[in-house]
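The values are calculated or read from the model by the stated rules, or taken from the named source; none is laboratory data. Owing to the predicted nature of the structure, the values given are computational and were not obtained by experimental measurement. Using ideal geometry, Cβ is built from the backbone for each residue, glycine included, and neighbour counts are taken over all protein chains shown. Side chains included, ligands, DNA and RNA excluded: accessible areas come from the protein's heavy atoms. Shrake-Rupley method; radii C 1.70, N 1.55, O 1.52, S 1.80 Å.
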Amino acid sequence: MNNKTAVGNAIGKIILMGEHAVVYGKPAIAIPFPVTKVKTTIYRKRGPVLLDCFYYKGILSGAPEILLGLTQVIKDITKSFKEELEDFSINIESIIPPERGMGSSASIAIATIRALYDFFNRPLTYEELLRWANVSEKIVHGNPSGIDAAIVSGEKTLYYIKGKPFMPFEFKLNAYLVVGDTGKEGQTKAAVEGVRQLIEFNIEEGRAMIEELGILAMSAKNSITINNAEKLGQVMTKAHIILDRLGVSDDSLNLLVSAAMDNGALGAKLTGGGRGGCMIALASDREQADYISNKLLNSGAQNTWISSLGVDSIDK
Ligand code: PMV
């Protein structure tokens, strides 16, 4: 029996364009967001497996349903190694706000998968990491497109189409991204189900909106390629209007999107599953990003983050 302490890390993500439509095979763009991260530590401790994380502290078998994706993966991986599910403890420290569309569930799963492989001294391939992450995401989200697991595991900006080989591309835009947290937990699963029902009951209108979101994601990629931040901003705002019509925005998100637009943002939209969670705004420079960030905080945002898109560094 080893006595090692193993560590696994993972970062958060932001969906720039294409959420919801990506479930229906349309393209999406997502970026790694290293300012938010998760660290899982596993260490030897006699007795039943203990879990210590944001939602729960106690024995693994007593963890609440919200952690089912994570606990299932822990059990399945341990079993696949033919190891006993006992005599170790798992500690998860996360600065990714949960249920906000920032990839918290995928990041927690990925950090923990990495730590488990390290703890049991097994080599972890990228394919295995992705496969396990998707096992967890399926339990958490029901019918995930796989975009969260893809971004968080690969840590590269992706132009993502479900079921297609990953298409990383260079994201160097002379602009800043401001992320605003409504402070309200998003409802990805319910929002995805809401879109499904809308399409089922109003096929033509529902499909047209999904189609339009796909076209806007393509247009966003084009705007990034030619370094046209103004165009990207316009495309983002158009996407938000459609997402709102799809029923996946809410008052808290619309309020912050309006606050950003009223204060000079090039564009703004919700990000991720919606119905709470986070929004993003595009700013032409750092000064404008700071200004928008302050306005978002004054308008009720619980937290904001600013990221430069021109270089790899994250500024706050
Ligand atoms: O809420 P998040 O960050 O998990 O994003 C979900 C993105 C959706 O497109 C709404 C669902 C999916 O599986 O792609």
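Do we have PHE33 as open to solvent by less than 20 Å² (accessible area, probe 1.4 Å), away from the ligand (no atom under 16 Å from the Cβ) and aromatic (Phe, Trp, Tyr) here? I'd like the intermediate steps shown before the answer.
Numbers: open to solvent by less than 20 Å² (accessible area, probe 1.4 Å): yes; away from the ligand (no atom under 16 Å from the Cβ): no; aromatic (Phe, Trp, Tyr): yes.
In short, no.
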Quick one: in the stretch 122-147, which of the residues that are hydroxyl-bearing (Ser, Thr, Tyr) and in a loop (DSSP other than H, G, I, E, B) is farthest from the ligand (Cβ to nearest atom)? THR125
Is there a residue being in a strand (DSSP E or B) and at pLDDT 95 or above anywhere in the stretch 61-70? no
If you scan the stretch 165-180, which residues turn out to be at pLDDT 95 or above and part of a loop (DSSP other than H, G, I, E, B)? ALA175
Considering residues that are of a type in the set (Lys, Arg) and either under 19 Å from THR5 (Cα atoms) or outside any helix (DSSP H, G or I) (or both), the number found within the stretch 76-95 is 1
Candidate set from the stretch 1-30 (those that are assigned to a loop (DSSP other than H, G, I, E, B) and away from the ligand (no atom under 16 Å from the Cβ)); member that is most open to solvent (accessible area, probe 1.4 Å): MET1
Exclusive hit being open to solvent by less than 20 Å² (accessible area, probe 1.4 Å), outside any loop (DSSP other than H, G, I, E, B) and within 21 Å of VAL7 (Cβ to Cβ), set ALA111, ALA150: ALA111
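Restricting to the stretch 36-51, what's the tally of residues that are away from the ligand (no atom under 16 Å from the Cβ) and open to solvent by 50 Å² or more (accessible area, probe 1.4 Å)?
We begin by selecting, within the stretch 36-51, every residue away from the ligand (no atom under 16 Å from the Cβ); these are 39-51.
Then drop every residue that is not open to solvent by 50 Å² or more (accessible area, probe 1.4 Å), which leaves 39, 43-46, 48, 50.
Looking only at that region, the number is 7.
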Scanning the stretch 96-108 for residues that are assigned to a helix (DSSP H, G or I) and in contact (Cβ under 8 Å) with a residue 60 or more places away in the chain, which turns out surrounded by the fewest Cβ atoms within 10 Å (Cβ to Cβ)? SER104
Complete set of residues in the stretch 230-266 that are within 17 Å of SER293 (Cβ to Cβ) and among the aliphatic types (A, V, I, L, M): MET236, LEU253, LEU255, LEU256, VAL257, ALA259, ALA260, MET261, ALA265, LEU266
Quick check: anything in the stretch 227-249 open to solvent by 10 Å² or more (accessible area, probe 1.4 Å) and at pLDDT below 95? yes
Residue under question is SER249, and the condition is that it be within 16 Å of the ligand (Cβ to nearest atom) and among the polar types (S, T, N, Q); does it hold? yes
Among the residues of the stretch 32-59, count how many are more than 23 Å from PHE119 (Cα to Cα) and modelled with pLDDT of 95 or more. 0
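Could you list, in sequence order, all residues of the stretch 156-205 that are among the acidic types (Asp, Glu), open to solvent by 60 Å² or more (accessible area, probe 1.4 Å) and within 16 Å of the ligand (Cβ to nearest atom)? Before the answer, list the steps.
At the first step, the residues of the stretch 156-205 found to be among the acidic types (Asp, Glu) are 170, 181, 185, 193, 200, 204-205.
Adding the requirement that they be open to solvent by 60 Å² or more (accessible area, probe 1.4 Å) leaves 170, 185, 193, 200, 204-205.
Within the stretch 156-205, GLU185, GLU193 qualify.
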